[in-house]
Amino acid sequence: MSAYDGQFIWYELMTSDSKAAQDFYSQTVGWDPVDSGMPGMDYTLFKIGETSIAGVMTLPDEVAAAGGRPGWLGYVAVEDVDAKAKDFEAAGGVIHHAPDAIPGIGRFAVVGDPQGAVICLFRGDGEPPAPLPKDSIGTIGWDELYADDLDPALAFYCEQFGWEKMDAVDMGPMGLYQMFGRNGTAIGGMMKRPDQMPAPAWSYYFIVESAEAAIARATSAGGQIVNGPMEVPGGMWIVQGLDPQGAFFAVVAASK
């Protein structure tokens, strides 16, 4: 078993306009888009220096035809992709893309939890490169699930990935914000899906130096802010928005 099992190890944007998305996130987050060089595939890496943070590709025609919209996907490392995809299905989830190999990279599957949120399973052919130091600007620092029913969602993911229930924050009318982690280290949080969000989904927070500066960059680049800046417990500031292609994104910063 790898030390990375149960951890988010990759993030990917599927979008209707890859080049426009590259421009937007380059301006908003500070990533450097670099062609991956993968044979027969148009896949771009978002980098900070020499470290790859995420990837972006055009939404496949068959996904768009089935109603898929631009959005971010998170990949969680598992010991056995095929077995874990079957576990998801047996526990009431669904397999959206059957386990498949990426030559020279690893094996993946796209699955949905019982409430409909989509996530990816991944097993690399080798250990992933060392990440940047925790909370570095430009990295992805928080993983968040919006669920219709919080307790069953938490139980499901704890069973599937070995996550642990951690502290919770009472947000009043918005309900409970339940944090989760692994081996005592927080990974993210879960909360009840807001009414304005059409379906249960995962979202991911990109670390920036300032919430208001990120808002200025995002709006200048054609994005739309839907929430924030908002201070959250612990003194961090968050902003949530839609990129020009309609994908939901979020940033987190230590300063407003």
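Calculated from the alpha-carbon coordinates, the range 63-172 shows an Rg and a Dmax of 15.3, 48 Å respectively.
For the range 141-253, report the accessible area per residue in Å² (1.4 Å probe, heavy atoms, rounded to an integer).
Accessible area per residue: 44 Å².
Taking the highest mean first, how do the peptides 69-76, 46-53 order by number of other beta carbon atoms within 10 angstrom per residue?
Details: 69-76: 20.4, 46-53: 16.2.
Ranking, from highest mean packing down: 69-76, 46-53.
Identify the trypsin sites (Lys or Arg not before Pro) of the range 119-212 meeting these criteria: DSSP loop state and at most 16 other C-beta atoms within 10 Å of the C-beta. List each step's numbers first, then the result.
On the way: sites: ARG123, LYS134, LYS165, ARG182, LYS192; in loops: LYS134.
Sites meeting the loop and neighbour criteria: LYS134.
Shape of the chain from the C-alpha gyration tensor: rounded (a/c under 1.5, with a ≥ b ≥ c the square roots of its eigenvalues). Amide H contacts for GLY55 (H built 1.01 Å from N in the peptide plane; partners 5 or more residues away or on another chain; cut-off under 5 Å): TYR11, GLU12, LEU13, PHE46.
Across the range 179-192, rounded Karplus estimates of 3J(HN,Hα) from the backbone phi angles (6.51 cos²θ - 1.76 cosθ + 1.60, θ = phi - 60°) give 8, 9, x, 8, 6, x, 10, 5, 10, x, x, 10, 8, 5 Hz, Gly and Pro being marked x.
Residues in the range 26-116 average 50 Å² of solvent-accessible surface per residue, probe 1.4 Å, ligands and nucleic acids excluded.
Distance between the 7 Å Cα→Cβ label points at THR219 and ASP82: 5.3 nm.
The values are calculated or read from the model by the stated rules, or taken from the named source; none is laboratory data. From a predicted model like this one, the values you see are computed outputs, not experimental measurements. When we count neighbours, we look across all protein chains shown, and the Cβ atoms used for this are built from the backbone with ideal geometry, even at glycine. These area figures cover heavy atoms from the full protein model, side chains too; ligands, DNA and RNA do not enter into them. Shrake-Rupley method; radii C 1.70, N 1.55, O 1.52, S 1.80 Å.
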